[in-house]
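The values are calculated or read from the model by the stated rules, or taken from the named source; none is laboratory data. Because the structure is a prediction, the values reported are computed rather than measured. Because the Cβ atoms are built from the backbone with ideal geometry, glycine has one as well, and the counts that use them run over all protein chains shown.
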Amino acid sequence: MNLDALERYLNSFGKQVVNRAKGNLQKAKGGDTALEKSITFSIKENKGVLSVKFKMAAYGKFVDKGVSGTQKKRTFKDYNSRTLVTPFGYKKSKGHSQPPTKVLDKWIVKKGIAPRDAKGKFISRKSIKFLIARSIGKKGIQGISFFQKPLMLGMKEFSGDFGAAIKESILEGLKQQQIIS
């Protein structure tokens, strides 16, 4: 069977999901982020079956689905538009109750966070990192569904076209068989 029409369909679907996911990140986090740049897709064929594979930086799943804190559960909207509790969370055990402080260093500098104490002296960056990490550990990180929402929209919009793409692929395959015979 000729899979050209189906491959074109999946390519359009993948491009749309990636573009919308990047747009959602730009709105939520500002443009030109490493996560935004990492979002890609590819079409894979395995034994005559085509599929779309999406890739992004590993931490993207935490931004998309959120992370529950030790004191607060976090949710996200999945591609079926259901609100679910995130599968990720900080635990009340030693070493896993908050994010490591070193990951906050560049973020604190980029955001210009430099609070002062009651006497007007700057608080050390080490203390700021610890306080922010502890807060994240307790409250978690709310998921923004930057990828789940475009996936849902893409599946809704392209679902009607899917049958047409398969039909076109089958017809093209039949035509190719008749030409070869």
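Out of the residues in the range 138-150 meeting the condition of being of a type outside the set (Val, Ile, Thr) and surrounded by fewer than 20 Cβ atoms within 10 Å (Cβ to Cβ), tell me which one is farthest from Leu84 (Cα to Cα).
Taking the range 138-150 and keeping what is of a type outside the set (Val, Ile, Thr), we get 138-140, 142-143, 145-150.
Right, trim to surrounded by fewer than 20 Cβ atoms within 10 Å (Cβ to Cβ) and you get 138-139, 142.
Details: Lys138: 19, Lys139: 17, Gln142: 12 Å.
If we take residues in the range 138-150 being of a type outside the set (Val, Ile, Thr) and surrounded by fewer than 20 Cβ atoms within 10 Å (Cβ to Cβ), then Lys138 is farthest from Leu84 (Cα to Cα).
When Asp4, Asp105, Asp32 are screened for being surrounded by fewer than 16 Cβ atoms within 10 Å (Cβ to Cβ), of a type in the set (Asp, Glu) and free of Cβ contacts under 8 Å to residues at least 12 places away in the same chain, only Asp32 passes.
Give the range 61-102 a look and list any residue that's β-branched (Val, Ile, Thr) and either over 20 Å from Ala28 (Cα atoms) or surrounded by 11 or more Cβ atoms within 10 Å (Cβ to Cβ) (or both), or say none. Walk me through it before giving the result.
Taking the range 61-102 as the starting set, the residues that turn out to be β-branched (Val, Ile, Thr) are 63, 67, 70, 75, 83, 85-86, 101.
Of everything in the range 61-102, those that are β-branched (Val, Ile, Thr) and either over 20 Å from Ala28 (Cα atoms) or surrounded by 11 or more Cβ atoms within 10 Å (Cβ to Cβ) (or both) turn out to be Val63, Val67, Thr70, Thr75, Val85, Thr86, Thr101.
When Ile39 is tested against (1) touching a strand residue (DSSP E or B) at 6+ places or on another chain (Cβ under 7 Å); (2) crowded, with 17+ Cβ neighbours inside 10 Å, exactly one condition is not met: (1). Among residues that are among the basic types (Lys, Arg), modelled with pLDDT of 95 or more and out of contact with any Ser or Thr (no Cβ under 8 Å at 6 or more places or on another chain), Lys29 is not included. Every condition in (1) under 13 Å from the mean Cα position of the chain (by Cα); (2) more than 16 Å from Gly143 (Cβ to Cβ); (3) touching a residue at least 24 places away in the same chain (Cβ under 8 Å) is met by Lys55 except one, and the failing one is (3).
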